[in-house]
Every structure is written in structure tokens, then in C-alpha cells.
Amino acid sequence: MNSIPYPPPRLIFWESTAGCNLACIHCRRTTVADQLLAQDLSTNETFDFIDQVAAFAKPIFVLSGGEPLFRPDIFDIARHATDAGLIVALATNGTLIDSTIARRIKESGVKRVSISFDGADAATHDIFRGKGAFDKALAGMNYLREINVSYQINTTVARHNIDQMPETLAMAKQVGSTALHLFLLVPVGCGVEIADDQQITPAEYERVLNWLYDAEIEGGIELKATCAPHYFRITHQRRAEERRQGIVRERPSSHRRQENAGGNGHGSSDSALLHSGRHAMNAMTKGCLAGTGVCFISHRGQVFPCGYLPVQAGDIRKQGFREIWQDSTLFNELRNPSLLGGKCGACEFKQVCSGCRARAYGTTQEYLGEEPFCTYVPRTVA
């Protein structure tokens, strides 16, 4: 056991079930069930896991899937987590939300709902999600709006929608979304199978992230890049260039939080952030948080650094969660930037970026290898 405890996780994603009513072509899962499975954690097992987490941490607890609304006990679980002091979020495709479900979401204490939109219009979104998914998700969002439940839009950026980012941002603002989170496709699960068709190039990643920086400066909505740790390198580069040019402009509070964050992604203000409501879901600290500020629990209780890095750190059916978080060899390796290989290991931005460990693993089978979708050449390599 480590003599000095590592800071507790800021975000825990729990895959409540593998069951889902859709079969999205970019899902991280290689198989999607159309029903609950015998291997799913039971209600009581989930309650026990939540109690273990709450005993030493108060993270944002994301009910994910599959489709979490597939679970008949999902609202009991959300209420248990809320009562335990966790900030509960629900990640859904939105198509199953009606007026009754929206009311139950609110009553269970869920603070924010994320709804997946992979295009600014039905034609684009439904390429990934299936015919009719766009309109059903919009309808679900409307039910949430009617009872004042906060919601955000999650968009997976791929070749079919990369040129729709301005329109997607405009749509997010128009429908009253609290935030727009962009997910950069990771080649794992089904992502491996569609990588050739939908994966964008490293140069396109760079272009999207520079667009995001400009859009975030303009304001009007919370913006965040996920599975794109090199955005943190870009923000440092862009701000340095602005200083050289004498450009002075107000930066989003998320950027200021990044400047104050520690090397492990846990800034001194994290506790306040996690209880501050609006910005708790959008705290910007450092790049890849897999195993450092984030972890993922599968529907079977397996613990992973994130939902896209399929290397197991432990199993909550066999070990206590706190023990896994503190003592996992995998997690401790991911917390040590000096172990990074390739140009990530030589990069002067590795403390704030670290490269996407899942993308490195999906490409090279080395989770400490270099980020394959980064165009930057470190000064020591150039």
C-alpha cells in the first residue's frame, strides 16, 4: 500500500449495463446487448460500491452504459448516490426520455444529463445512431427542459461531422444546452472497425481543437474536449502567442482552473469545484485523466483507467475500490509521466497533456506509448 494516499478520483464512470436500444457504429463496445445481463452488478452490489466511494471521495458519478435507462433500478441507484453525497450525472442517448422518465430523473437527484448528438441535423446524426434517433433525442431533451433539468450535448467528432462543428455549437446554444462536449474518436471497440471510414487525421484533430479554443474564448456556453489531451498543449501555445502579440482577452474560467491545477490533475480548488454546481461538470485541469483523475467501472465490476482503455486495474467484486484506486500497478504507472515513451516522453507539455493513453494502446498496444494523433514535435526531438 502507498504510504502517501493519492488524491481520490474526480470522475467515476459506471457502465450500469451493456444493454442498449441503439447500436451506434462508433460505440466503444464490440457487442451491445438488447437486455440486462446476468453479469450486471446487482442493486445491492452497486449500493455497496457507491458507499465505498463515498467513504473517501465525493466525485462526479456518471451513470453510463450501454443505455442506463435500460436498468429498472437506475433511479434508486441515482438516489442512493445522491444521498451519499456524490454529484450524479446521467449519460444517455435521450431517445427513451418521456415526461415520466424526465420527472424520475429529476426526483432521483441527477444534476445533469448528457445527451449524445453526432451531428447538427437528423441526416448526419442518424448515420451513427440509426434512423429517427435525432428527433427522439430532441424530444427527450425538451421533456428535461420543461422541468428545468440541466443537460449537455456530447458529440463524437468523426469524418462525417467534422465540418459541422459551428452548426453543432449553434444547435447546442439554440436548444438551451448547458454545455457542448466534443469527444475525439478513440480506435477501440467498434471504433477499430470504423477507424478507416470515420477516423479523422492528426491534422484535422489539430484544426478542430484550435476551433474549440476560439469558440471557448467567444463564450456563451461551456465547451470541453474529451479524449483530446493535446488541447491543453494547444491552449498553452495559443496563450503564449497571444502574450507575444500583446493580445489581452478574458479567458474562460475553465482555462484559469487549468493554470492553477497540480501535475496530477487535482487542483487545490477541486473540492469547491465539485460542489459548485455549474462548473463542476466542466473543470479543466490537465489532459489525459485515465487512472489519475478518472476511472471507469464496467457493468461486471471491472475497474479500468477509462472507458476506452481496456486494461484492467482491478475488480470491485474481489477488492475494495479504495484499494484498487490507491494501489493498482496500472494506475500508478499512468500517474508517472516519466514512464511515457516516444515523443510523449520527450515532450515539454507531458505534465499538462500526457497524450491519450487509450489511443496509444489502441494503436500500439502500449498504454505508455506516444499519442499517435498529435502533430506536435517536441523541442528535444525537432
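The values are calculated or read from the model by the stated rules, or taken from the named source; none is laboratory data. Since we're looking at a predicted model, the values are computed, not measured. With ideal geometry, Cβ positions are generated from the backbone for all residues, glycine too; neighbour counts draw on all protein chains shown. We work out accessible area using only protein heavy atoms, side chains counted, and drop any ligands, DNA or RNA first. Shrake-Rupley method; radii C 1.70, N 1.55, O 1.52, S 1.80 Å.
Values for this structure:
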item: Residues of segment 110-147 classified as without any contact (Cβ under 8 Å) to a residue 60 or more places away in the chain, assigned to a loop (DSSP other than H, G, I, E, B) and open to solvent by 10 Å² or more (accessible area, probe 1.4 Å), total; result: 6
item: Residue among ASP48, ASP40 that is under 19 Å from ASP315 (Cβ atoms), open to solvent by 10 Å² or more (accessible area, probe 1.4 Å) and without any contact (Cβ under 8 Å) to a residue 24 or more places away in the chain; result: ASP48
item: Some residue of segment 43-60 being closer than 29 Å to VAL157 by Cβ and at pLDDT 90 or above; result: yes
item: Filter result (farther than 18 Å from PRO310 by Cβ, modelled with pLDDT of 90 or more and small (Gly, Ala, Ser)) within segment 344-382; result: GLY345, ALA346, SER354
item: Qualifying residue in segment 319-337 (condition: touching a Ser or Thr at 6+ places or on another chain (Cβ under 8 Å), open to solvent by 10 Å² or more (accessible area, probe 1.4 Å) and charged (D, E, K, R)); result: yes
item: Options GLU348, GLU370; residue that is part of a loop (DSSP other than H, G, I, E, B), over 22 Å from VAL186 (Cβ atoms) and among the acidic types (Asp, Glu); result: GLU348
item: Whichever residue in segment 51-82 is among the small types (Gly, Ala, Ser) and in a loop (DSSP other than H, G, I, E, B) and, among such residues, is most open to solvent (accessible area, probe 1.4 Å); result: ALA55
item: Test result for LEU289, crowded, with 19+ Cβ neighbours inside 10 Å and either without any contact (Cβ under 8 Å) to a residue 40 or more places away in the chain or out of contact with any helix residue (DSSP H, G or I) (no Cβ under 6 Å at 6 or more places or on another chain) (or both); result: yes
item: Members of segment 83-103 that are under 23 Å from PHE134 (Cβ atoms), modelled with pLDDT of 95 or more, of a type in the set (A, V, I, L, M, F, W, C) and open to solvent by 20 Å² or more (accessible area, probe 1.4 Å); result: ALA91, ILE101
item: Helices (runs of 4 or more DSSP H) enclosed by segment 148-262 - at least 1 residues per element that are touching a Pro at 6+ places or on another chain (Cβ under 6 Å) and at pLDDT 90 or above; result: 202-218
item: Segment 8-26 residues that are assigned to a strand (DSSP E or B), paired with ones that are modelled with pLDDT under 55 (beta carbon under 8 Å, 6 or more apart); result: GLY19/VAL32; GLY19/ALA33; GLY19/ASP34
item: Qualifying residues in segment 311-340 (those that are in contact with a helix residue (DSSP H, G or I) (Cβ under 8 Å, 6 or more places away or on another chain) and of a type in the set (A, V, I, L, M)) - the one nearest to ALA290 (Cα to Cα); result: LEU334
item: Residue count for segment 353-366, restricted to those that are crowded, with 24+ Cβ neighbours inside 10 Å, of a type outside the set (S, T, N, Q) and assigned to a loop (DSSP other than H, G, I, E, B); result: 3
item: Long-range neighbours under 8 Å by Cβ, at least six apart or interchain, first residue over 19 Å from HIS299 (Cβ atoms) within segment 52-70, second among the aromatic types (Phe, Trp, Tyr) and open to solvent by less than 30 Å² (accessible area, probe 1.4 Å); result: none
item: Any hit, segment 86-95, residues being part of a loop (DSSP other than H, G, I, E, B) and out of contact with any Lys or Arg (no Cβ under 8 Å at 6 or more places or on another chain); result: no
item: Qualifying residue in segment 300-312 (condition: at pLDDT 90 or above, open to solvent by less than 20 Å² (accessible area, probe 1.4 Å) and closer than 18 Å to THR226 by Cα); result: yes
